[in-house]
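Remarks on the structure that follows.
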Amino acid sequence: NGMHIKGRAANAAGHQQIFDTIFKDIDLTGTIEQIRFLRPDVALVHVLAERFPRADRKQTTKARITLVMVKNNGKWEIAAFQNTEIQMQN
């Protein structure tokens, strides 16, 4: 939808809101497609995500997620991400 959410607290609140409502009964899986290390402590990660209602796995929606990951004090964290739904061709 093009939203630009800034900050850890705003991201957490926004995700909690959708997990409590529109994605309440949705399962999400992700498959890492590629990891490219820009530096030893920075990685660009591409993920193919699929989400589907728990009641009907045939209603799958796919998305491509791009993440910038940074390693801080030995722990990998998400610095930025973009989530784009993949439009299915008829």
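The values are calculated or read from the model by the stated rules, or taken from the named source; none is laboratory data. Quick caveat, the model's predicted, so the values are computed rather than measured. Here the Cβ positions follow ideal geometry from the backbone for every residue, glycine too, while neighbour counts run over all protein chains shown. The area values use the complete protein model at the heavy-atom level, side chains included, leaving out ligands, DNA and RNA. Shrake-Rupley method; radii C 1.70, N 1.55, O 1.52, S 1.80 Å.
Got a number for carbon plus sulfur as a percent of the chain's accessible area, 1.4 Å probe?
Accessible surface attributable to carbon and sulfur in the chain totals 52 percent.
Name the most mobile residue of G74, G30, G14, meaning the one with the largest mean-square fluctuation, in a Gaussian network model of the chain with Cα contacts below 10 Å.
G74
So what J values fall out for region 34-39 if you push phi through Karplus, 6.51 cos²θ - 1.76 cosθ + 1.60 with θ = phi - 60°, rounded to Hz, Gly and Pro as x?
Working through the residues one at a time gives 7, 10, 10, 7, 7, 8 Hz.
Shape call for region 1-43 from the C-alpha gyration tensor, a ≥ b ≥ c root eigenvalues: rounded (a/c under 1.5), prolate (a/b greater than b/c) or oblate?
Oblate is the answer for region 1-43, as a/c is 1.5 or above yet b/c matches or exceeds a/b.
Name the trypsin sites (Lys or Arg not before Pro) in region 1-75 that are in a loop by DSSP and that have at most 13 other C-beta atoms within 10 Å, would you?
Answer by residue number: K6, K24, R54, R57, K58.
For the chain, what does -39500 (n - 2.57) per DSSP helix run (n ≥ 4), summed and divided by total residues, give at 222 nm, in deg cm²/dmol to the nearest 500?
Details: 1 runs with 13 residues, N = 90.
That calculation yields -4500 deg cm²/dmol at 222 nm.
Dipole of the chain, Cα-centred, from +1 at each Lys and Arg C-beta and -1 at each Asp and Glu C-beta, to the nearest 20 debye?
180 debye
Considering only C-alpha atoms, what is the centroid distance from region 64-82 to region 3-20, in Å?
16 Å
How many Å² of accessible area per residue for the chain, probe 1.4 Å?
Using a 1.4 Å probe on heavy atoms only, each residue of the chain averages 80 Å².
Considering only protein heavy atoms, what is the solvent-accessible area of F23 at a probe of 1.4 Å, reported in Å² to the nearest 10?
Estimated to the nearest 10 Å², F23 gives 60 Å².
Can you tell me the orientation of helix 8-20 relative to the chain, as the angle in degrees between its alpha-carbon axis and the longest Cα principal axis, to the nearest 10?
It works out to around 20 degrees.
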